[in-house]
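What follows is calculated from the coordinates using simple rules that are stated; it is not laboratory data. No experiment lies behind these values; they were computed from the predicted model shown. In this analysis, Cβ positions are derived from the backbone assuming ideal geometry, glycine residues included, and neighbour counts consider all displayed protein chains.
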Amino acid sequence: MTLIVHKYGGTSIGSIERINAVADKIAKAKQCGDDIVVVVSAMSGETNRLLALAKDANPNPSPREMDVLLSTGEQVTIALLAMALAKRRCPARSYTGGQVHILTDSTHTKARIVAIDDKNIHQDLKQGRVVVVAGFQGVDESGNITTLGRGGSDTTAVALAAALHADECQIYTDVDGVYTTDPRVVPEARRLDFMTYEEMLEMASLGAKVLQIRSVEFASKYQVPLRVLSSFEHGQGTLITAEDERVEKPLISGIAFNRDEAKLTILGVPDLPGIASNILAVVAESNIEVDMIIQNVGQDATTDFTFTVHRNDYDKALALLQKKASELGAREVNGDNKIVKVSVIGVGMKSHAGVAAMAFKALSDEGINIRMISTSEIKISVVVDEKYCELAVRALHSAFNLEVEVQEAVRES
Ligand code: ADP
Ligand code: ASP
Ligand code: MG
């Protein structure tokens, strides 16, 4: 018997018509003999609506209450889908995260899954039921409701697939697979038939929101075959596994971008040992994650220090840095929250020189100024002004010929 975990995102179940269409799809798959566990998100727009309501009630709501509120979106869709399945004579039972017992840590609004109790699910499957589980939520040890961060239903689905040893985890969404970049920004982007976890992890970490990063980490850790496909049309989608099915490895697999960025600079700080740790410690103590870091070459015994944070943390980080600056006798603090990070990703670039130069030329040909650069063996990231985001993505996509299948390829030696 094949066990498949399906996950349907917000747009895929954004109305009763869509819920009925998804129910038809699941009932059909069930008739073909698969055991099915379904994970659903809230209806599209619902989580944002709840966030806005919370803000109206209290601009600084407690994360615990936030989770109680946000988890309601998914509770609506599991019930509606189970009802729609029953109407199709497809027995189904819905469960909240707490009910199937998705145990998480207590980090409200970005909790991590610790364990899953699959007893109820196995029992239902044995009795021929489809099991419908609310994505994005769990409970901590004290029974408090938790949520897993935006896009967290992907992670619920993969974690369930891992716990149940499912044959595949299928992520149904509003695109028919993973593309070389967001097809909404570059219509010429090309769908990839196969990808490795490593490539997808890099794409997700660098901003491609098609999958939540944690879901790809889970898939890689537990070797869950992961498929991204459309809930609106038929197709094979993109299969993500450990093995690379391609004979020829592409030099560049894709371009990702992240609009959630902001940068902060502290100018004229005394150039002394320990200065970087001194500045970053204050940010880390406030649970603010720092991404890129640059320290300029010192002059006149002082130096400048720039780093990026999530845009939501910008105001808080700026206030902390201003306080720190006066303590350290720094000259000035400035910041910019209208920036984006654009990244060229490719496992094949490990063995290839000149990729960075090509990327920088493509940007300069468009008159785009690069504000920061960071590189690793398999990616080049640049920070540019927000207004250039789409132009930069398009320029890089075209410079590396990603719209055509056979780019310059690196053969496995
Ligand atoms: P869901 O609600 O189903 O979880 P998301 O909005 O979270 O859907 O993710 C799907 C979206 O991800 C697509 O509509 C697309 O705009 C975006 N996206 C970003 N990068 C990529 C990419 N490389 N390939 C495919 N989609 C991408
Ligand atoms: N409803 C949540 C969100 O909008 C979780 C998800 O869709 O995966 O982020
Ligand atoms: Mg999503």
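Secondary structure note: in the chain, about 65% of the DSSP beta bridges are antiparallel. Beyond 19 Å, the tail of the calculated P(r) for the stretch 1-97 holds 46 percent of the Cα pairs. When both bridge partners sit in the stretch 75-233, DSSP labels roughly 40% of those beta bridges antiparallel.
For the stretch 83-237, the spread of Cα coordinates along the three principal axes comes to 46, 39, 24 Å, biggest extent given first.
All other residues whose Cβ lies under 12 angstrom from that of residue 20 are scored, Lys and Arg at +1 and Asp and Glu at -1, for a net of +2. Gyration tensor over the Cα atoms of the stretch 257-345: the corresponding equivalent ellipsoid has semi-axes (square roots of 5 times the eigenvalues, largest first) of 22, 15, 11 Å. Using the alpha-carbon centroid of each, what span in Å lies between the stretch 61-88 and the stretch 306-323? Their Cα centres are 34 Å away from one another. Between residue 112 and residue 89, residue separation times 0.36 nm minus the direct Cα-Cα distance comes to 4.7 nm.
Near residue 167, once Lys and Arg are set to +1 and Asp and Glu to -1 for all other residues with Cβ below 12 Å from its Cβ, the sum equals -2. Remark: the residue 55-residue 68 segment gains 3.3 nm on full extension, using 0.36 nm per residue and subtracting the alpha carbon distance.
Cα centroid separation, the stretch 336-393 to the stretch 103-154: 38 Å. The alpha carbon gyration tensor of the chain gives principal lengths a ≥ b ≥ c with a/c of 1.5 or higher and a/b no greater than b/c, which makes the shape oblate. Peptides 23-33, 101-111 ranked from most to least packed, by the mean per-residue count of other Cβ atoms within 10 Å: 101-111, 23-33. Taken along the Cα-to-beta-carbon direction at a fixed 7 Å, the label points for residue 244 and residue 28 span 3.5 nm. Taking a straight Cα-Cα cut-off under 17 Å and skipping sequence neighbours fewer than 8 places away in the same chain, the lysines within cross-link reach of residue 25 are 7, 87.
Cross-linked pairs 110/249; 209/341; 263/387: Cα-Cα separations exceed 24 Å for 110/249. Need one number: nm distance between label points at residue 119 and residue 295, each 7 Å from Cα along Cα→Cβ, rounded to one decimal. Between residue 119 and residue 295, the simple spin-label model gives 5.4 nm. Each 10 Å bin from 0 upward holds the following percent of the Cα-Cα pairs of the stretch 103-156: 26, 45, 26, 3.
For the pair residue 217 and residue 184, the difference between a 0.36 nm per residue extended length and the Cα-Cα distance amounts to 9.4 nm.
When Lys and Arg each count +1 and Asp and Glu each count -1, what net charge do the other residues less than 14 Å away from residue 56, Cβ to Cβ, add up to? Neighbour charge sum, excluding residue 56 itself: +1.
Taking only the alpha carbons of the stretch 152-293, we obtain Rg and Dmax values of 18.7, 61 Å in that order. Positive-end ranking of 229, 396, 250 along the dipole of the chain, with charges on Cβ about the Cα centre, is headed by 229.
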